[in-house]
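> Structure provided below as C-alpha cells; questions to follow.
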Amino acid sequence: MKGSANYAHGQRGVALVVALLVLLMVSVLGLSAMRSSVFSAKVATGVQSDVMTFEAAETVIVSTYGALTALSNEQLYNAVDGQAARYCMKSAGAAQGACGSTDFMDVRGLLQAESYSYLDGFSPISGSQVSSSGGAGVFVDYRINILGESEMDNYGIENHHLQETLKRGIKPGAEIN
C-alpha cells in the first residue's frame, strides 16, 4: 500500500501541466485562425474595391459614348475638336463638365468617375462620297478616344480605361444639299 500512495502523490501536478499545454495549443490555433480570417477579410475588401472602381470607369465610358452618340455631326465635331469633352458620372447620371469634390456616383460617397473624350481624327469611308448639285460630301469615321477614370479615395484605388470608338458622319465643312 505504501507504494501506491507514493505513486498517487507523485502524479498530482502532471494533470494540471498537461491541461495547460492543451489549452495553450488550442489558444495558438484559435489566434492563427483569427489572423487568417482578418487577412482574408482585408483581401476580400480590396478585391471588392478594385472591382467597384473598374465598373465605375466602364460605366462612365458607356455613358459618355451614349451622350456623344446622341449628338449631331456638327455638335460632335465641335464638342471634341481641339479640346477634351468632360463628363462627370453622378448618382443621377452623366453630366457634362468636370467632377467637383462632392460629386460622387454612389450614395455612400465613395466613388468618383469622369471621362475625357477627344477627337483622334477622322478617315474617309471608301466609296462613300455623296454628291448633289450644290456640292459634295464625304462620309467619314470619327475616331474618338474616351478615357474613363475612377477613384476611391478612401482606399487609394484608381482605375483608368481608354476606349476608342468610331462614329460615322459627314466630314466637317462638307455640305450636302
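Coordinate-derived values only; no laboratory data. Just so it is clear, the model here is predicted, and its values are computed rather than measured. No Cβ is skipped: glycine too gets one built from the backbone with ideal geometry, and neighbour counts run over all protein chains shown.
> With θ set to phi - 60°, apply the Karplus curve 6.51 cos²θ - 1.76 cosθ + 1.60 along the stretch 70-76 and write out the HN-Hα couplings as whole Hz, x wherever there is a Gly or Pro.
So the J values, rounded to whole Hz, are 6, 7, 6, 4, 5, 4, 4.
> Could I have the simple spin-label model distance between residue 16 and residue 62, label points 7 Å from Cα toward Cβ, reported in nm to one decimal?
Rounded to a tenth, the inter-label distance reads 6.9 nm.
> Between residue 70 and residue 50, what is the FRET efficiency for a Förster distance of 25 Å, r being their Cβ-Cβ separation, to the nearest 0.05?
Values: r = 31 Å, r/R0 = 1.25.
Step by step, r from the Cβ atoms, then E = 0.20.
> May I ask you to list the trypsin sites (Lys or Arg not before Pro) in the stretch 61-117 that are in a DSSP loop and have at most 16 other Cβ atoms within 10 Å of their Cβ?
On the way: sites: 86, 90, 108; in loops: 108.
Within the stretch 61-117, the qualifying trypsin sites (Lys or Arg not before Pro) (loop, at most 16 other Cβ atoms within 10 Å) are 108.
> Given R₀ = 41 Å, what would the calculated FRET efficiency be for residue 166 paired with residue 92, taking r from the Cβ atoms and rounding to 0.05? Walk me through the intermediate numbers first.
Values: r = 29 Å, r/R0 = 0.70.
E(calc), rounded to 0.05, equals 0.90.
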